[in-house]
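*Asks:* Got a structure for you, questions after.
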Amino acid sequence: METVFQLNNNGIETLPQFITSLAIGLLIGLERERNPSAKAGLRTFALVAMFGTLSALLSTKLDTPWLLIAGLLAVAGMIIAAYHNKPAEADDPGTTTVIALLLCYGLGAMIWYGLAKLAVMLAIAVTALLYFKPELRGISQRLTRSDLVAVLQFSVLTFIVLPILPDQNYGPYDALNPHQVWLMVVLISGISLAGYTALHVVGTRYGAPLLGFLGGLVSSTATTLLYAKNSKSNPAMSQLAASIIVIASMVVLLRLLVLSAVVAYDALAGLLPVLAGGFLFGLVVALYSWRKTIYATKLNIPETSNPAELRTALGFGLLYVIVLLGAAWMQDFAGSRGLYVVALVSGLTDVDAITLSSLRLFNLGQLSQHQAATSIALAFISNLAFKFGMVIFIGGKNLARYVATGFVAMACGALLGLFAL
């Protein structure tokens, strides 16, 4: 009786794992059920997931790994036979369903081996891949050959070159680290590439706010230039163009927040008031201006180069090294004032380089939290001034009048956050 009781207890303890397998199978099977040509649907996927858990359980108890492999072969043979006996439609050879079913079996086995959280995350990812087939196909068709080459270059430099670069400090002030430099290039290019891809996939169909957000992820300067030109040729869209320009510049603050959290988390406490202050002040103006926006005006996508291109990545890497060494030298030669001069000058065209340089020097102990926050705030304000100059000379006084309120609000918010420190 005692042995039976223990066996019953063991069986009950495994119930949550089978329930998780059932949920994973139902999740993936729910998507496949929508496909009329699929030979496996809701029930099949649920049963296969639980079969994977059962096979893993028996394989462990009997100490026979071949039992798990036999179960995988059985599932593969079953689904292949189903497609062989009754072929699918011409446009669906069934390979997607076959591999999805095999993955479902493997996820069920993972649950038994204590990898339930990972299995659930993978199941969600698999379901998303299956569901968004039209969107993924659209993305691949929109990408040009040059875009694909750029992504391949970026992948090689990220996953092959980056790991072999020496992770050691060189040069004056020990500020130059090849691995660190390229890691920053990868980080900036990755964020910009995500915005670039989304911008070309989503386009303009979701309106100015999203266009301004994605434009800011890629290049707020390019977005400002485009809409300043559009406003000049079509004065009726000045207010709409101003909203997009302000939103794109607000996104720069979000970029800086993400960079700070990734590169130098300890500096985030000093930067948060600056970045949040500028963003919130700008958001108030953007929301107020958006109520007056002309919705019927045609929008255009900013023309930007792919940030994953080798030339673009190397260009940013070179700029980052120059700014980093210049900031370290000026900090040593002229103290904080020298650093702030570098921030004002470099921030005119690029905020990311001085931000990453300041955070790097902070990590090295050469800058205090307040000095890093001040240099980044000055660079951001300098960048706003540069873009406002573009607005005046390219877009005209009418556009400048709309943009000025948002830019001044962001600058004041950043300065107030800085003074609060």
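The values are calculated or read from the model by the stated rules, or taken from the named source; none is laboratory data. Bear in mind the structure is a predicted one, so any value in this text is a computation, not a measurement. Backbone-built Cβ (ideal geometry, glycine too); neighbour counts: all protein chains shown.
*Asks:* Which one of 391, 321, 341, 403 is part of a helix (DSSP H, G or I), surrounded by fewer than 21 Cβ atoms within 10 Å (Cβ to Cβ), at pLDDT 90 or above and not acidic (Asp, Glu)?
*Replies:* 341
*Asks:* Between a residue in segment 41-57 that is within 10 Å of residue 28 (Cβ to Cβ) and any residue that is among the hydroxyl-bearing types (Ser, Thr, Tyr) and buried (at least 24 other Cβ atoms within 10 Å of the Cβ), which pairs come within a Cβ distance under 9 Å, given they are 6 or more apart or on different chains?
*Replies:* Short answer, once both residue conditions are applied: 46/21; 48/105; 49/21; 49/105.
*Asks:* Quick check: anything in segment 49-64 surrounded by 16 or more Cβ atoms within 10 Å (Cβ to Cβ), within 21 Å of residue 131 (Cβ to Cβ) and modelled with pLDDT of 75 or more? Give the derivation first.
*Replies:* As a first pass, look at segment 49-64 and keep what is surrounded by 16 or more Cβ atoms within 10 Å (Cβ to Cβ): 49-57, 59.
Cutting the leftovers down to within 21 Å of residue 131 (Cβ to Cβ) gives us 49.
Applying the additional criterion that residues be modelled with pLDDT of 75 or more yields 49.
Checked against the condition, which is being surrounded by 16 or more Cβ atoms within 10 Å (Cβ to Cβ), within 21 Å of residue 131 (Cβ to Cβ) and modelled with pLDDT of 75 or more, segment 49-64 yields at least one hit.
*Asks:* Kindly indicate whether residue 158 is out of contact with any Pro (no Cβ under 9 Å at 6 or more places or on another chain), modelled with pLDDT under 75 and in a helix (DSSP H, G or I).
*Replies:* Numbers: out of contact with any Pro (no Cβ under 9 Å at 6 or more places or on another chain): yes; modelled with pLDDT under 75: no; in a helix (DSSP H, G or I): yes.
So residue 158 fails the test.
*Asks:* Which of the numbered conditions does residue 166 fail, given that it passes all the others? Conditions: (1) over 25 Å from residue 25 (Cα atoms); (2) modelled with pLDDT under 80; (3) outside any helix (DSSP H, G or I).
*Replies:* Of the numbered conditions (1) over 25 Å from residue 25 (Cα atoms); (2) modelled with pLDDT under 80; (3) outside any helix (DSSP H, G or I), the odd one out for residue 166 is (2).
*Asks:* Can we say residue 415 is assigned by TED's automatic domain parsing to the domain that holds residue 358 and crowded, with 22+ Cβ neighbours inside 10 Å?
*Replies:* In short, no.
*Asks:* Shifting gears a bit: Condition (residue is of a type in the set (S, T, N, Q) and free of Cβ contacts under 8 Å to residues at least 12 places away in the same chain) applied to segment 368-379: is it met by at least one residue?
*Replies:* Yes - at least one qualifying residue is present in segment 368-379.
*Asks:* How about segment 257-294: which of its residues are more than 15 Å from residue 417 (Cα to Cα), at pLDDT 85 or above and either among the charged types (D, E, K, R) or under 21 Å from the mean Cα position of the chain (by Cα) (or both)?
*Replies:* Correct list: 258, 259, 260, 261, 262, 263, 264, 265, 266.
*Asks:* Under 6 Å between Cβ atoms, at least 6 apart or on separate chains: pull out the pairs that start in segment 112-126 with a residue that is touching a residue at least 40 places away in the same chain (Cβ under 8 Å) and end on any residue that is surrounded by fewer than 15 Cβ atoms within 10 Å (Cβ to Cβ).
*Replies:* none
*Asks:* Check segment 324-334 and report whether any residue there is modelled with pLDDT of 85 or more and among the polar types (S, T, N, Q).
*Replies:* no
*Asks:* Select from segment 344-376 the residues that are in a helix (DSSP H, G or I) and β-branched (Val, Ile, Thr) and write down the one among them that is farthest from residue 418 (Cα to Cα). Steps first, please.
*Replies:* So the first thing to find is which residues in segment 344-376 are in a helix (DSSP H, G or I), and the list is 344-346, 351-363, 369-376.
Adding the requirement that they be β-branched (Val, Ile, Thr) leaves 345, 351, 354-355, 374, 376.
Numbers: 345: 19, 351: 17, 354: 17, 355: 15, 374: 7, 376: 10 Å.
Restricting to residues being in a helix (DSSP H, G or I) and β-branched (Val, Ile, Thr), the top hit is 345.
*Asks:* Next up: Go through (1) among the aromatic types (Phe, Trp, Tyr); (2) without any contact (Cβ under 8 Å) to a residue 24 or more places away in the chain; (3) in contact with a Pro (Cβ under 9 Å, 6 or more places away or on another chain) one by one and return the number of the condition residue 329 breaks.
*Replies:* (2)
*Asks:* Okay, next question. Would you pick out the residues in segment 365-385 that are over 27 Å from the mean Cα position of the chain (by Cα) and either small (Gly, Ala, Ser) or surrounded by fewer than 22 Cβ atoms within 10 Å (Cβ to Cβ) (or both)?
*Replies:* At the first step, the residues of segment 365-385 found to be over 27 Å from the mean Cα position of the chain (by Cα) are 365-368, 370-371, 385.
Across segment 365-385, the qualifying residues are 365, 366, 368, 370, 371, 385.
*Asks:* Oh, and also: Restricting the search to segment 170-229, which residues are aromatic (Phe, Trp, Tyr), over 28 Å from residue 385 (Cα atoms) and either in a helix (DSSP H, G or I) or modelled with pLDDT under 80 (or both)?
*Replies:* 173, 182, 206
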